[in-house]
Amino acid sequence: MNTLKTTFLLTCLTLLMIAMGNAIGGQSGMIIAFVLAGGMNFFSYWYSDKIVLKMYKAKEVSETESPAFYGMVRRLSQQASMPMPKVYIIPNDSPNAFATGRNPANAAVAATEGIMRILSEEELEGVMAHELAHVQNRDTLISTVAATFAGAISMLGSMLQWAAIFGMGGGDDEEEGGGGMLGSLALAFIAPMAAMLIQMAVSRSREFLADASGARICGNPQALASALRKLQQASQKVPMQEATPATSHMFIVNPLTGASMLKLFSTHPPMEERVSRLEAMSGARG
């Protein structure tokens with residue numbers, strides 16, 4: 001169901017981009033928009049992981065440098081029948097973790113120094129299993145594509161606003177006059193917001209799936225549930241100052257100061273529901 005939902009939401013983003021390209025310049029506008037999006041997708045497919053890791057100053061570690069953490073990731077990878085990813089530690093006190101990479105063969109998992117201090121070994125295993133599940137389910141690629149589309153649509157929205165103001169938008173609908181211009185202006189404001197909501201819906205659906213898959217990989221749903229409770233409280237007390245809205249969906253819990261954010265605009269599903277589902281899994285296993 002989550003896979004079908006994600007496919008549907010990505011299709012919505014594509015159709016939204018088609019509509020905006022057409023509003024800006026008819027068929028020519030659509031072609032230009034898709035060429036631009038294609039270039040962005042190509043770049044994000046090959047280089048987004050390196051950019052994000054560098055953004056958070058993540059340092060790759062070997063088994064010699066961090067034997068316990070590296071060994072934990074290797075053990076979980078074997079349990080998931082996955083290739084061993086690169087392992088990174090982020091020099092940050094805010095407790096969090098994320099995964100990146102275009103596929104399981106070219107993946108990386110990263111955890112902050114803060115998360116290693118506050119979680120038990122079993123809880124940290126649950127978190128890293130969750131991140132490996134994202135890689136296994138190819139969520140890292142899906143999130144990148146969704147973010148790229150949303151970014152392109154926001155940029156097209158700005159272009160469409162100026163085109164409508166100066167009477168250059170509307171493609172082949174110039175005869176509509178003021179009505180066409182108003183329609184273009186409405187689309188310029190509504191489309192970026194719709195794209196953001198769709199991107200967040202993609203992230204939310206993938207988090208539930210990664211929780212369930214991660215619990216199966218580590219074999220301990222209760223440990224992951226306990227970790228999520230701790231992370232929810234600790235990340236609000238010590239938010240990640242370097243985090244940006246564009247990358248917040250990658251982390252296991254929202255790294256931003258989310259207390260004042262509307263739930264509608266959260267990239268993560270409600271923590272209570274995530275914990276409840278994991279506890280239900282734990283009860284079923286018991």
Exercise for the section: Enumerate the pairs (first residue in segment 118-141 and in contact (Cβ under 8 Å) with a residue 40 or more places away in the chain; second residue anywhere and aromatic (Phe, Trp, Tyr)) with beta-carbon separation below 7 Å, excluding pairs fewer than 6 apart on the same chain, so at least 6 apart or on different chains. Expected result: 131/98
Exercise for the section: Take segment 83-115 and flag every residue that is buried (at least 17 other Cβ atoms within 10 Å of the Cβ) and part of a helix (DSSP H, G or I). Expected result: 104, 114, 115
Handout entry: segment 45-60: number of residues that are modelled with pLDDT of 90 or more and buried (at least 17 other Cβ atoms within 10 Å of the Cβ)
Key = 3
Fill in the blank from the handout: Taking segment 217-240 and keeping residues of a type outside the set (A, V, I, L, M) and in contact (Cβ under 8 Å) with a residue 12 or more places away in the chain leaves 218, 219, 220, 221, 222, 226, 229, 230, 232, 235, 236, 239
Handout entry: Counted residues, segment 215-236 - those being more than 22 Å from residue 248 (Cβ to Cβ), of a type outside the set (S, T, N, Q) and crowded, with 19+ Cβ neighbours inside 10 Å
Key = 5
Practice task
Starting from segment 63-80, keep only residues that are without any contact (Cβ under 8 Å) to a residue 40 or more places away in the chain, then list their pairs with residues that are surrounded by 19 or more Cβ atoms within 10 Å (Cβ to Cβ) whose Cβ atoms are within a distance under 6 Å, requiring at least 6 positions of separation or different chains.
Solution key: 70/87
Fill in the blank from the handout: residue 31: passes all of (1) closer than 28 Å to residue 244 by Cα; (2) without any contact (Cβ under 8 Å) to a residue 24 or more places away in the chain; (3) surrounded by 12 or more Cβ atoms within 10 Å (Cβ to Cβ) but (1)
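The values are calculated or read from the model by the stated rules, or taken from the named source; none is laboratory data. For clarity, every value in this text was computed on a predicted model and none was experimentally measured. For neighbour counting, all protein chains shown are included, and Cβ atoms are generated from backbone atoms with ideal geometry for every residue, glycine included.
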